[in-house]
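Below is one structure, written out as structure tokens; the observations come after it.
Derivation of every value follows stated rules applied to the coordinates shown; laboratory data play no part. Note that this is a predicted model, so its numbers are computed, not measured. FYI the Cβ positions are ideal-geometry reconstructions off the backbone, even for glycines, and counts take in every protein chain you see.
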Amino acid sequence: MSLKLEIGTKINYIKEEAKQNNQVLWINEDVKNREFEEFIKNIENQEAGEKVYDIRNALIHFEADDIPGVNEDIIIKKFNLTRRYDKLRFCFLDSKAVRSLKLALALENIGLRTPKPIALLEQRGKFNQIVYSYFITEYIDYDYNLLDILKDYDHPLRSKAQEWLPQIARDIKKMHDAGIVHNDLHAGNILVGDIDNNPKFYYIDLNRGRIKKSLKLKTRMQDLARFKLKRDEQEIFIKSYDPNSYNELLELMAKLRDRRERFLKFKRRLKSFIKN
């Protein structure tokens, strides 16, 4: 039995058995079957798969042949909480996996692309602390991470990327108009697929996102301040995001980006001072 998750609401337990075990289990209706459910329940003990990322969190790619009851490749994301502060605060908050699921469903609801959510498994302890937390999505065989193109001024697709900016800007405007703030919106979190035909953009790493009734102008521009572009690219982007408020938004975004850079420099200096 899978859960119909309403956008913006708390995720509920879908089984009495899960509730007794202080566990959250959600499986997409499209892949609901007993074999896959058992696979997800035993996710902690799965040894197959290729680890494609393992710095803060772990990303493991499973091919369809390694997954019972599913006929597509998947990505399993395990969220690791290493700081004591995070371990404590997430006793009282939705986990990163639950946030990712909510945001993914919200993006799907407004017609934006993100890897299709497949399942979620989360275990909490006696004091509601997170023991483990997994978010599972379809595997996207994308062509490029947008950051790989934008950070290299000599990249052969750099000029092509400028042609993509209007569509990305309209996507993000649609996101913001729906009350969705990504909170980690930079080029590294945008995947580009099907470049040779009709480019498709996928928005990923949704665990910091929030869903609100509406977003103030400052919140919107703070979300965009992480998106580093050359001056001419910023102009292309903002003109497509909101042509009627172009000059005001461009100025505000520049101020917020400068403020963010000063804050990050302060944090680096503070960390360096503490270490020494």
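Quick one: if the Förster radius is 41 Å, what FRET efficiency do K265 and E44 give, using the C-beta to C-beta distance and rounding to 0.05?
The formula returns an efficiency of 0.55 here.
Calculate the length of the line joining the C-alpha centroid of the stretch 99-176 to that of the stretch 190-260, in whole Å.
After rounding, the separation between the Cα centres reads 14 Å.
Quickly estimate the mean residue ellipticity at 222 nm for the chain, helices only: each DSSP H run with n ≥ 4 gives -39500 (n - 2.57), and the total goes over all residues, rounded to 500. List each step's numbers first, then the result.
Working: 9 runs with 107 residues, N = 276.
That comes out to -12000 deg cm²/dmol.
Place the peptides 227-238, 202-213, 61-72 in order of packing, highest mean first, counting for every residue the other Cβ atoms within 10 Å and averaging per peptide.
Order by mean packing, descending: 202-213, 227-238, 61-72.
What relative contact order, as a whole-number percentage, does the chain give when Cα pairs under 8 Å and 6 or more residues apart are counted?
Over the chain, the number comes to 15 percent.
Go through K87/K126; K174/K216; K96/K160; K41/K213; K96/K126 and tell me which ones have a Cα-Cα distance over 24 Å in this structure.
K96/K160; K41/K213
Of all alpha-carbon pairs in the stretch 161-276, indicate the percentage at a distance above 22 angstrom. Write out the running numbers ahead of the final one.
Values: 2515 of 6670 pairs.
Of all Cα-Cα distances in the stretch 161-276, 38 percent exceed 22 Å.
Test of understanding: express the Cα radius of gyration of the stretch 88-240 as a ratio to 2.2 N^0.38 Å, with N the residue count.
1.12
Which residue, Y85, Y142, Y134, tops the fluctuation ranking in a GNM of the chain built on C-alpha contacts under 10 Å?
Its mean-square fluctuation being the largest, the pick is Y85.
Given R₀ = 22 Å, FRET efficiency for K212-L147 by Cβ-Cβ distance, to 0.05?
It comes out at approximately 0.25.
Taking just the C-alpha trace of the stretch 86-158, give me its Rg and Dmax in Å.
Using the Cα atoms of the stretch 86-158, the pair Rg, Dmax is 16.9, 54 Å.
In Å, what Kirkwood hydrodynamic radius results for the chain from the alpha-carbon pair distances?
20.4 Å
Decide, for the stretch 26-113, between rounded, prolate and oblate: order the square roots of the alpha carbon gyration tensor eigenvalues as a ≥ b ≥ c, take rounded if a/c falls under 1.5, and otherwise choose prolate if a/b is larger than b/c, else oblate.
oblate
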